[in-house]
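Please read the structure below before turning to the comments.
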Amino acid sequence: MPLVDLIGIHKSFGTNPVLRGIDLSVHEGQVVALIGRSGSGKSTLLRTINGLEHIDDGVISVDGEKIDARDTDLRALRLKVGMVFQQFNLFPHLTAAENVMLAPKVVKKAPQAELRALAVEMLEKVGLGDRLDHYPDQLSGGQQQRVAIARSLAMRPRVLLCDEVTSALDPELVAEVLAVVRKLADDGMTLIMVTHEMRFAREVCDQLVFMHQGRIHESGPPEQVFSAPQTEELRQFLGGIG
Amino acid sequence: MAYQFDFSSLSGYGDLLAKGAGLTVSLTVVGGLAGVAIGIAGAWARSRPVPVLAPVVAAYVEVIRNTPFLVQLFFLFFGLPALGIKLGEFQAAALAMVVNLGAYSTEIIRAGVQSIPRGQIEAAMSLAMTPLQIFRHVVLIPALKKIWPALSSQVVIVMLGSSVCSQIAAEELTFAANFIQSRNFRAFEVYFVVTALYLALSILLRWLLSRLGQALFERRRHG
Amino acid sequence: MVEFAFSDIVWNLLLALRWTALLSVVAFIGGGAVGLLVLLARLSSRRWLRRLTRGYIEVFQGTPLLMQLFLTFFGLSLVGLDVPAWLAAGLALTLFTSAFLAEIWRGCVEAVPRGQWEASSSLALTYLEQMRWVILPQALRLAVAPTIGFSVQVVKGTAVTSIIGFVELTKAGTMITNATFQPFLVYGLVALFYFLLCFPLSLCAKSLERKFHAAR
Ligand SMILES: Nc1ncnc2c1ncn2[C@@H]1O[C@H](COP(=O)(O)OP(=O)(O)OP(=O)(O)O)[C@@H](O)[C@H]1O
Ligand SMILES: [Mg+2]
């Protein structure tokens, strides 16, 4: 049984249909990359999976937790799904460790004694064991994004969503963040990510999903998608990005 | 027994209320126009490093902004005769509003002036425009456009503040209310109705000012 | 007629100044507490509650403080009580302050970037938890300067309570003027005392605002 199962997801902004019937299954430990043109609905799809966008129709199930268009209580879903944003969205008034500890403390009511250890463990995992008490504005973009990843991991999500996590970074900082994501993948984390880093996607992903005009246009293992695109749109897309 | 509201006791006082509202509007128009004019002049004075003028304007702004309007009004109406300056009720009320709004609008417009990018002023300077020409043609309009919402709010605040002018017997809306309730002994009903009138006036004034802002600033876009 | 020395005038005004200060503090603290509730209602997900509080704020911002005072004063006496002026003054100013502070604070809450809401909801925080731990701490920083700035309006607003007979600084000024026939001097002093209360608050608000802008 798939860990994440999307069935017939529809979503419009006003009269603009952005997701037009998405079906997607992701199994435990799988790494899936969403690719496609700007405006094809990648971010929107990702954001529906943890309820940041309300869906108009369809069913989302994550680890047995089922959500449809009528549901308004999304807390159970969000407990299973972590998310990392393009713009980091760290809490600027909290230190790196406090950013990591906040949700475990508030949501999971973890005991004080365990919290600090958890923060240390998570920040060490992303290579920032020496930046515990720094505030976000004292960190580089790459470091901030790694704190954001640690913050999500601290909730022990079953699946982690990553929306262009390196797009806001200076080129020289991209590698350190990708290295962390790669390590997560190697450790068996289930990942769904939107990315424009095609080489990275090719190396790390089990499945590549090409979105076009709100639908999944083509998908498959990266070698197949890259070397033998079945549709003209995908060929154009791959050609366009060189 | 529960209190019986009686709004009918207000009938027959319509003319009085209308007259009062008329005077409130007159005070607001005078205060608004002259106050904003002073504000423009004040912002101009403060934008230049003139030795005496700039600090004097700064002091004026701070004194007015840090004392109650009611006290300013009493000072002008009761205090100035000691210097041989005797003002009528309407004159004193209008003057107090002008002085008050003048200070606030100086500060508001100054903030707008400061937001104009330095490069535009330098461009005008390099075209050999005088400081006054630069202020008039390059700085003022975009500055006013920028702070128009804040300035409009301040005009509404001053209009509402004019309510205390009843205390020097200027016959504006609140004065009319005081008069009526002294006759019909229905204080709550009278003030309730007059409060609603003020609310309507402030909504109307806000709407008019935003239309005025559009007329003044939007049309210029295409010349 | 009683002879008033200059020092008597100053002393009597200072005595009255205590009431101005006390009323200001009460209105500011009470208004802050009520304002916080109004703010939460204003930001609520329930539409009728948002509308209701928007109306509340509109009414207090769109009518004269003097009318609010009269309505409180005469409204309370309708319920049958013989209302002391200080009670009506304190209540009216508290409500007035709550409406303005709620609106100021709403602006600060809305200035917190959307990403902060998204990040905290994706961490499964509830609305109240988001407010408590993520949004309000940031909004609070933004709110300090304008809140102190508004305290100046509260202090000045207390002058209006003289009209319903609360003996604070302005009322004392009027009473002393009636006894001494020296309005120029007395109202000048009254203005000076208000200035001494308000100007430090204004300066503080301004410097905090500058500091905040520099920090960004
Ligand atoms: N909050 C919103 N309100 C209205 N329209 C929106 C909103 N968010 C996204 N859209 C629209 O939905 C469409 C898909 O947007 P989405 O962000 O999912 O695209 P994307 O594939 O992530 O693109 P990009 O590569 O630029 O990030 C776009 O046309 C966008 O304008
Ligand atoms: Mg996107």
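Output ³J(HN,Hα) for the stretch A:230-240: one whole-Hz value per residue in order, computed from phi by the Karplus curve 6.51 cos²θ - 1.76 cosθ + 1.60 with θ = phi - 60°, and x for Gly and Pro.
With the stated coefficients, the stretch A:230-240 comes to 8, 10, 4, 4, 5, 4, 4, 4, 5, x, x Hz.
Loop-only check: which chymotrypsin sites (Phe, Trp or Tyr not before Pro) in the stretch C:64-95 are DSSP coil with at most 16 other Cβ within 10 angstrom?
In loop regions of the stretch C:64-95 (DSSP not H, G, I, E or B), there are no sparsely surrounded chymotrypsin sites (Phe, Trp or Tyr not before Pro).
Just add up the charged neighbours of residue A:118: K/R +1, D/E -1, any other residue whose Cβ is under 14 Å from the Cβ of residue A:118.
Net charge in that neighbourhood comes out at +3.
Where both partners of a DSSP beta bridge lie in chain A, what percent of those bridges are antiparallel, to the nearest 5?
Around 55 percent antiparallel, to the nearest 5.
With a/c under 1.5 counting as rounded, go ahead and sort the stretch C:71-185 into rounded, prolate or oblate using the C-alpha gyration tensor (a ≥ b ≥ c being the square roots of the eigenvalues; past the cut-off, prolate if a/b is larger than b/c, else oblate).
Oblate, because a/c is 1.5 or more while a/b does not exceed b/c.
Within the stretch A:17-78, report the trypsin sites (Lys or Arg not before Pro) that DSSP leaves as loop and that have at most 12 other Cβ atoms within 10 Å.
Here the sparse-neighbourhood loop sites are A:70.
In whole angstrom, how far apart do the alpha carbon centroids of the stretch A:26-102 and the stretch B:149-189 sit?
56 Å
Only counting other Cβ atoms within 10 Å, I'd like C:24, B:105, A:219 sorted with the fewest neighbours first. Kindly include the intermediate steps, with their values, before the conclusion.
Values: C:24 23, B:105 27, A:219 18.
Ranked by crowding around the Cβ, least crowded first: A:219, C:24, B:105.
For the stretch A:1-123, with only Lys/Arg (+1) and Asp/Glu (-1) charged at the beta-carbon, what is the dipole magnitude about the Cα centre, in debye rounded to 20?
300 debye
Please report the spacing between the Cα centers of the stretch A:182-242 and the stretch A:125-170 in Å, no decimals.
One Cα centre to the other: 23 Å.
Say the dipole of the protein assembly as shown comes from +1 at the beta carbon of Lys and Arg and -1 at that of Asp and Glu; which of B:104, A:51, C:41 then lies farthest toward its positive end?
Toward the positive end, the furthest listed residue is B:104.
Just the Cα atoms of the stretch C:6-215: what Rg and Dmax do they give in Å?
20.2, 70
Would you mind checking the pairs A:11/A:80; B:146/C:156; B:86/C:171; B:145/C:206 and listing those with alpha carbons more than 25 angstrom apart?
Beyond 25 Å between Cα atoms: B:146/C:156.
Local charge sum around residue C:190 (other residues, Cβ-Cβ under 11 Å, Lys/Arg +1, Asp/Glu -1)?
Around residue C:190, the surrounding residues sum to 0.
Only sites in a loop by DSSP and with at most 13 other Cβ atoms within 10 Å count here; which trypsin sites (Lys or Arg not before Pro) in the stretch C:31-88 make the cut?
Qualifying residues, ordered by number: C:46.
Taking just the alpha carbons, could you work out the radius of gyration and Dmax for the stretch B:36-105, both in angstroms?
Reported Rg and Dmax, both Å: 13.1, 38.
May I ask for the distance between the Cα centers of the stretch C:39-80 and the stretch C:82-110, given as a whole number of Å?
Rounded to whole Å, the Cα centres lie 9 Å apart.
Equivalent ellipsoid semi-axes for the stretch C:36-81, as square roots of 5 times the alpha carbon gyration tensor eigenvalues: give them largest first, rounded to whole Å.
26, 13, 8
Tell me the Kirkwood radius of the protein assembly as shown: reciprocal of the mean inverse pair distance over distinct alpha-carbon atoms, in Å.
In the protein assembly as shown this quantity evaluates to 29.6 Å.
Can you list which of the DSSP-assigned H helices in chain C have a Cα extent of 30 Å or more along the long axis and an average Kyte-Doolittle score of at least 0.5?
Helices passing the filter in chain C: C:6-42, C:85-111, C:183-215.
Taking all pairs of distinct Cα atoms, average 1/r, flip it, and tell me the Kirkwood hydrodynamic radius of the stretch B:14-222 in Å to one decimal place.
18.7 Å
Over all Cα pairs of the stretch A:106-223, how is the pair count split among 10 Å bins, expressed in % and running from 0 up to the last occupied bin?
12, 40, 32, 13, 3
Taking the beta-carbon count within 10 Å as an exposure proxy, list C:204, B:165, A:205 from fewest neighbours to most.
With the sparsest Cβ surroundings first, the list reads C:204, A:205, B:165.
Rank these for me by crowding, B:159, A:122, going from fewest to most other beta carbons within 10 Å.
B:159, A:122
5 Å is the cut-off here: which amide hydrogens, built 1.01 Å from N in the peptide plane, fall below it relative to residue A:83, excluding neighbours closer than 5 in sequence?
So residue A:83 has HN proximity to A:161.
In Å, what is the Rg of the alpha-carbon atoms in the stretch A:4-240, and how long is Dmax?
Cα radius of gyration and Dmax of the stretch A:4-240 are 17.9, 57 Å respectively.
Read the figures in this text as sums done on the coordinates, not as results from a lab. Keep in mind it's a predicted model, so treat the numbers as computed, not measured. Please note: Cβ atoms are built from the backbone with ideal geometry, for glycine as well, and neighbour counts cover all protein chains shown.
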